[in-house]
Each structure stands twice: as C-alpha cells, then as structure tokens.
1. Tell me, yes or no, whether region 44-56 has at least one residue that is more than 12 Å from SER101 (Cα to Cα) and among the hydroxyl-bearing types (Ser, Thr, Tyr).
2. Checking the conditions here, which among GLY102, GLY106, GLY118 is at pLDDT below 85 and surrounded by 13 or more Cβ atoms within 10 Å (Cβ to Cβ)?
3. For region 1-26, how many residues are in a helix (DSSP H, G or I) and either of a type in the set (S, T, N, Q) or loosely packed, with under 13 Cβ neighbours inside 10 Å (or both)?
4. Looking at LYS52, LYS64 in this structure, which one is exposed (fewer than 12 other Cβ atoms within 10 Å of the Cβ), in a helix (DSSP H, G or I), modelled with pLDDT of 90 or more and not small (Gly, Ala, Ser)?
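The values are calculated or read from the model by the stated rules, or taken from the named source; none is laboratory data. If you're wondering where the values come from, they're calculated on a predicted model, not measured in any experiment. Cβ coordinates were reconstructed from backbone atoms using ideal geometry, including for glycine residues, and neighbour counts include every protein chain displayed.
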Amino acid sequence: MVSIIAKEVAKKVVENLRKGKKPVLGKIAREVGYAKSTSLHPNQITETKSYKEITEPILNRYLKEEERIMAAMEKKNLTKEQYRTLSNSIDTIRKQIQLLSGERTGNESVVVNVLNYGKGNNSSV
C-alpha cells in the first residue's frame, strides 16, 4: 500500500535539506497528518517503501558524492586549505545522508544513576 503521507514527509525532508535546514522528522510527521505516537518514532516512516521511493535517488547521489570526496582526500599533495575544505564537505554530506536516511545525527546517550537513600545505605543501582 502506497502511503501518500509518508511520501509527503519525504518531500518535506528533501525540501528542508535543499534549503539548508535540519528536518525534524517528528514535527514534519505531525504537520502532514501522522498521529503523535507515530511522530515520536519516525523510523516507522523512514523505513517505509513510500518514503524510500522519494529519498533513495537523492541518497544515492549523496553517497556517490561522499565517495568522490573521500577519494580526493586520499591524494598526497593536498594543501591544508584543500584538506580542510574536503573535510568540511565530507562532514556536511555525511549529515545530509544521516538526516535523509533517518540515521542518528549525533552520539546521544543517557546515563541514569539511581541512588537508594535509606538507613545509612548510599548505593548506586
């Protein structure tokens, strides 16, 4: 079944990337009509065939560009400025790939320490 709203999400994601804006998948999902519960788990959208139908051609171009930049970085006679430019380019294209494919864009982690305060018992769980 073709999901028209999944395609709409994909189009808005691509539009935001072209404008240089970071697409917030949950927000876009709510704007186009997804339920809040779905918008909290955008991978349910980004893993659909409908979403990928729109994003994969662009994603493939980004991946080819990433390979081209990596090959250019392997050249031996690059100036510091050339290397810096290529390094910035690879960083930008990698973020575009992550945003378009629904991958994580950062190294987020949450650490929770629970302290048990009782009769002189201070232990971490």
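1. So far as region 44-56 goes, yes, one or more of its residues are more than 12 Å from SER101 (Cα to Cα) and among the hydroxyl-bearing types (Ser, Thr, Tyr).
2. Unique residue meeting the criteria: GLY102.
3. Number of matching residues: 4.
4. Criteria check complete, one pass: LYS64.
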